[in-house]
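In what follows, a structure is listed as structure tokens, so that the remarks can point back to it.
The values are calculated or read from the model by the stated rules, or taken from the named source; none is laboratory data. Not measured: the values here are computed from a predicted model. With ideal geometry, Cβ positions are generated from the backbone for all residues, glycine too; neighbour counts draw on all protein chains shown. The accessibility values were calculated without ligands, DNA or RNA, using every heavy atom of the protein model including side chains. Shrake-Rupley method; radii C 1.70, N 1.55, O 1.52, S 1.80 Å.
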Amino acid sequence: MIKEIILSGIQPTGKLHIGNYLGALKNFVALQDQHECYFFIADYHSITENYEPNTKPQQVMELATDFLAAGLNPKKCTIFVQSHVAEHTELAWIFNCVTPISYLERMTQYKDKANQQQKNINVGLFDYPVLQAADILMYRVTAVPVGQDQDQHVELTRQIARFFNNRFGQTFTEPKTIHTDTPKVMSLLTPEKKMSKSLGDNHCLYIDDEPKVIAAKLAKAVTDTGDGQGLGARNLLDLIKIFSDDKTYKRFQAEKNSGTLKYSELKEILAQDIADYFADFRKRKKQISQKEVEKTLADGAKKAQAIAQKTMAEVRIKIGIR
Ligand code: AQP
């Protein structure tokens, strides 16, 4: 087996939903056993959105707690906060100077977010993928586990590595993308769109939602959007496939094929199985102390910074800044 160098980040913007979990976090936990892994809290990315400064420290702590409760182990992987390693923003500036504006103009996430926050289309939002390239290339990463919505950004990261290497000599390796079996979980209410917090709480199942909340949200989930594609039904069946046993999935799939599927029954079983699946997570989350989280992040920052400083020493020499 090839030992990969793995890195991925999640923004501290509120609760994690099952899209974040199935598309990314679940994979992080599996990868830490076999690879050199770095997982970070992307706080500088998160300030490109509308936000309340007073809530940010709490959101960072909560996401770090989620990492630990989900099973990330600081003895097996490095967990840190992006802003604690100042080299990320320094490298992003350098990458800004080799990245053509036209490449950033193509980014679909930028277009979507600019549309969502028309009164706050800031330069950071536009430049977000360049900072992401710095996050990744800093650690000579070989593989990036992310959801499908991040594919275009990781492709840009590879291009930025090439732009830099062509201009200043071979320095950065091009990472590949790693997906889970569920790289795109869809919204409960608008299943043609990915599950996303910014759509609203009822579009998402949060991984620390209490069983009653899960049941209430699923009861309202759309099954037939009248699009002829049955996207809502497909999404629910995909979730049954993950969270329920094989027999249950096969039964519902057969009932769907024969037109006898009762969605109210499917939703009840799914709600129970999702609540059971995250029961340990909810329990562990309540047990993790602030001290444990703070120590994890302080140790992680030290380890990450040692590597970042080495990378930046080499980069500065290559670009002629001494
Ligand atoms: N619906 C999804 N299905 C699969 N994977 C997903 N990811 C996000 N949504 C889905 C993956 O989760 C990781 C963390 O992503 P992020 O921190 O960029 O969060 P996000 O995509 O911004 O999450 P939201 O809910 O969509 O937040 P808002 O609405 O605030 O922008 C990434 O690996 C991502 O691919």
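Brief remarks follow.
- Residue among Ile214, Ile160 that is among the hydrophobic types (A, V, I, L, M, F, W, C) and in the same structural domain as Thr311 (by TED's automatic domain parsing): Ile160
- Scanning the stretch 114-146 for residues that are within 13 Å of the ligand (Cβ to nearest atom), in contact with a helix residue (DSSP H, G or I) (Cβ under 7 Å, 6 or more places away or on another chain) and modelled with pLDDT of 95 or more yields Ala114, Leu125, Tyr128, Pro129, Leu131, Gln132, Asp135, Ile136, Val144, Pro145, Val146.
Yes/no matrix, rows are residues, columns are (1) more than 11 Å from the ligand (Cβ to nearest atom); (2) assigned to a loop (DSSP other than H, G, I, E, B); (3) open to solvent by less than 40 Å² (accessible area, probe 1.4 Å):
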residue: Lys3; (1), (2), (3): yes, yes, no
residue: Pro12; (1), (2), (3): no, yes, yes
residue: Gly23; (1), (2), (3): no, no, yes
residue: Val29; (1), (2), (3): yes, no, yes
residue: Gln34; (1), (2), (3): yes, yes, no
residue: Asn50; (1), (2), (3): no, yes, no
residue: Lys56; (1), (2), (3): yes, no, yes
residue: Ala64; (1), (2), (3): yes, no, yes
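- Across the stretch 245-268, not a single residue is classified as free of Cβ contacts under 8 Å to residues at least 60 places away in the same chain, under 24 Å from the mean Cα position of the chain (by Cα) and open to solvent by 20 Å² or more (accessible area, probe 1.4 Å).
Condition check ((1) small (Gly, Ala, Ser); (2) in the same structural domain as Pro211 (by TED's automatic domain parsing); (3) closer than 30 Å to Ala233 by Cα; (4) assigned to a helix (DSSP H, G or I)) across all residues:
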position	(1), (2), (3), (4)
Lys267	no, yes, yes, yes
Leu270	no, yes, yes, yes
Asp276	no, yes, yes, yes
Glu294	no, no, no, yes
Leu297	no, no, no, yes
Gly300	yes, no, no, yes
Lys303	no, no, no, yes
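- Across the stretch 36-48, the number of residues qualifying as acidic (Asp, Glu) and either buried (at least 21 other Cβ atoms within 10 Å of the Cβ) or part of a helix (DSSP H, G or I) (or both) comes to 1.
- As a summary of the residue check, Val60 satisfies the conditions (1) more than 17 Å from the chain's Cα centre (by Cα); (2) more than 11 Å from the ligand (Cβ to nearest atom); (3) open to solvent by 10 Å² or more (accessible area, probe 1.4 Å) except for the one numbered (1).
- For Lys291: the one exception among (1) touching a helix residue (DSSP H, G or I) at 6+ places or on another chain (Cβ under 9 Å); (2) at pLDDT 95 or above; (3) of a type in the set (D, E, K, R): (1)
- Of all residues in the stretch 189-203, those being in a loop (DSSP other than H, G, I, E, B) and near the ligand (Cβ under 7 Å from one of its atoms) number 2.
- Phe95 fulfils the conditions (1) surrounded by 20 or more Cβ atoms within 10 Å (Cβ to Cβ); (2) outside any helix (DSSP H, G or I); (3) more than 16 Å from the ligand (Cβ to nearest atom) except for a single criterion, (2).
- For the stretch 66-82, the candidate set comprises residues that are open to solvent by less than 10 Å² (accessible area, probe 1.4 Å) and assigned to a helix (DSSP H, G or I); within that set, the residue that is nearest to Gln11 (Cα to Cα) is Gln82.
- Gln170 vs. criteria part of a helix (DSSP H, G or I) and surrounded by fewer than 18 Cβ atoms within 10 Å (Cβ to Cβ): no
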